Every structure is written in structure tokens, then in C-alpha cells.
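Take a look at the structure set out below.
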Amino acid sequence: TSFGFQQVKEEEKSKLVGNVFTNVASSYDIMNDVMSGGLHRLWKERLVGKLSPFAGMKHLDVAGGTGDVAFRIFDALNSVNRRPLHKASLEETQIYVCDINPNMLNVGKQRAAERGLRDNKSLLWVEGDAEALSFDDNSMDGYTIAFGIRNVTHIEKALAQAYRYKCSHQLDFRGEFLCLELSHVDIPVFKDLYDLYSFQVIPNLGELIAGDRESYQYLVESVRRFPPQERFASMIGEAGFEKVEYENLVGGVVAIHSAIKL
Ligand code: SAM
């Protein structure tokens, strides 16, 4: 039946995604730098710059992998709230880094240790699936997902979960949803160059640096299959979020979608 076929496809996808990130965990950071020419750092800065973190907040970073986004949120909070007045509430801050792959989380924990944050109570590492996490309803002030939603099997389910976790505070800038994702380029010549880079260069880089051509081939294909900016914005709205907006970076190579739960 078509349902059976769909199910097999989904199981294969989950398995494939699992394999991809197990294979790439150790070379993950260097590949990000090489593939994006270091730009992924600026994109993540931009993502966190759009967030309004506050001392004592509960934040969920899904597909958090090696902690790149969580560390930036942590640093942003610690630089804004240096004054002792905020110290107590700062310590109550909880940033959950959730990822389906324990290997990625382990690399993240290692990096936390290198930063002297091994036992820091504000960083919490949780293994789990974006589609089925067990946090309470309305238990989070913020939700981020960077280069992650493209990999989940049912995007709508992940968005429904994101909506469920979010608090609707009186202050409407709290309860934020932010998603950073590789997206679609629609600028004539640039699009051709970007396609060439994606299909010709990236799999070769994957083979050369990570010794894994297939995982990076998968990456390129998954980007093509991901809904374009407008369509993805509609999906976020359909999940219940309001004030859905997006910003293209580098002509749409990457897009940051943002929304709030009122
Ligand atoms: N957010 C990190 C960053 O920007 O560097 C990591 C991004 S990495 C490209 C994608 C991550 O999504 C991987 O760590 C992978 O294990 C995780 N992932 C894939 N499917 C997931 C799911 N269904 N739920 C949670 N995490 C998932």
C-alpha cells in the first residue's frame, strides 16, 4: 500500500539521518567551517542576535548538536547580565540542548568541558527527537533550531511540538521561535553557481575531509527537498505561531524564520 511505502521511506530516512550524524560527529565542526567558508558562525550569531534572551529564561535548542547555538545564547546572557543584581536569576537560566544523536551531544559536552562549563547547571544536554519530546506544555520561553528541521521526518510534527512548549508570556517578545536553515536561492546566475558548488564541490569536500561522500550528498539533496521560504513560513503559521517572518542571508543560501506565540 502507499501507506506501507511511506512508512518504509520514513524509517529509512530516520536511519539515514542517524547514520549521517554518527559518521560526521567528529569532523562536524571543521566541515561546517570549510563548507560555509566560516559563514555559519555569522549565521548563528545572527540567529542568537534576533533572540531576546533574559536571565532566568528556559530555552530549548532543538537539534542542538555540538552546542553551537546554546553556547552563543549562554554567552549573550552572561555578557548582558554581568551585574551582581542579576546573578541569582542568571543562575536559574536553563538552556536545554536537545539532539537525537548521542554522539553529537557528546562532542557538545566535551566542548562545554573545554570552556570550563562541564558542571554548569544552565546547560542541560538531552537526547530526544524533535517530533516527540517530553517537556511540559508552555514550559519554554524560547525555541531555536539551527540546521535541524530539514532533517526531521515530519516537519509539521516538530513545529507542533515547538508550539506546545512555548510559553505565552504577557510580554509578547517572549515565547519566540527561531529557525535557521539552508534554504533556496532564487537569483539567476548566483543560483547556477550555488548549484554547481552544492552538487560538485560539497560531496567532494565530504569525501576529502570527512571521508564520507554519501552523507554530504544527502545533505545537498535534503536542502533541495526542503520547502522554500514562503511555504515554510506558512507551515509555521499553520502550527499556530503568529508574526511569522523570514530573513534571507547570502541570497537565500540560508534563511532565518522567526515567529512568536501570543
Ligand atoms: N544545531 C547545530 C548546529 O547548527 O551546528 C547542529 C546542526 S546538525 C546539521 C543537525 C543536527 O540535527 C544533528 O546533530 C542531528 O543529530 C540532529 N537531528 C536530526 N534529526 C533530529 C530529530 N528528529 N530530533 C532532534 N535532533 C535531530
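The values are calculated or read from the model by the stated rules, or taken from the named source; none is laboratory data. In this text the structure is predicted, and so the values were computed from the model without any measurement. Don't worry about glycine lacking a Cβ; one is built from the backbone with ideal geometry, like all the others, and counts go over all protein chains shown.
Please specify each residue of the stretch 25-47 satisfying the condition of being at pLDDT 95 or above and either touching a Leu at 6+ places or on another chain (Cβ under 8 Å) or among the hydrophobic types (A, V, I, L, M, F, W, C) (or both).
39, 42, 43, 44, 46, 47
Restricted to the stretch 219-262, and to residues that are closer than 23 Å to residue 198 by Cβ and charged (D, E, K, R), which residue is nearest to the chain's Cα centre (by Cα)?
247
Looking at (1) more than 18 Å from residue 152 (Cα to Cα); (2) in contact with an Asp or Glu (Cβ under 6 Å, 6 or more places away or on another chain); (3) surrounded by 14 or more Cβ atoms within 10 Å (Cβ to Cβ), find the lone condition where residue 256 falls short.
(1)
Output yes when any residue across the stretch 249-262 is closer than 16 Å to residue 43 by Cβ, in contact with a helix residue (DSSP H, G or I) (Cβ under 9 Å, 6 or more places away or on another chain) and without any contact (Cβ under 8 Å) to a residue 60 or more places away in the chain, and no when none is. Explain how you work it out, then say what you get.
To start, the set of residues in the stretch 249-262 that are closer than 16 Å to residue 43 by Cβ comprises 249-258.
Okay, now just the ones that are also in contact with a helix residue (DSSP H, G or I) (Cβ under 9 Å, 6 or more places away or on another chain), so 249-258.
Then drop every residue that is not without any contact (Cβ under 8 Å) to a residue 60 or more places away in the chain, which leaves none.
There is no residue in the stretch 249-262 that is closer than 16 Å to residue 43 by Cβ, in contact with a helix residue (DSSP H, G or I) (Cβ under 9 Å, 6 or more places away or on another chain) and without any contact (Cβ under 8 Å) to a residue 60 or more places away in the chain.
Which pairs turn up if I take residues in the stretch 200-229 that are over 23 Å from residue 180 (Cα atoms) and surrounded by fewer than 18 Cβ atoms within 10 Å (Cβ to Cβ) and look for partners that are aliphatic (A, V, I, L, M) and at pLDDT below 95 with beta carbon separation below 7 Å, at least 6 apart in sequence or on another chain?
209/30; 209/31; 209/34
Looking only at helices (runs of 4 or more DSSP H) that fall completely inside the stretch 54-120, which ones have 2 or more residues that are β-branched (Val, Ile, Thr) and at pLDDT 90 or above? Can you show your working first?
Numbers: elements: 68-80, 87-92, 102-114.
The helices (runs of 4 or more DSSP H) meeting that bar are 68-80.
Tell me which residues, restricted to the stretch 122-150, are within 14 Å of the ligand (Cβ to nearest atom), of a type in the set (A, V, I, L, M) and in contact (Cβ under 8 Å) with a residue 60 or more places away in the chain.
Within the stretch 122-150, 130, 133, 145, 146, 149 qualify.
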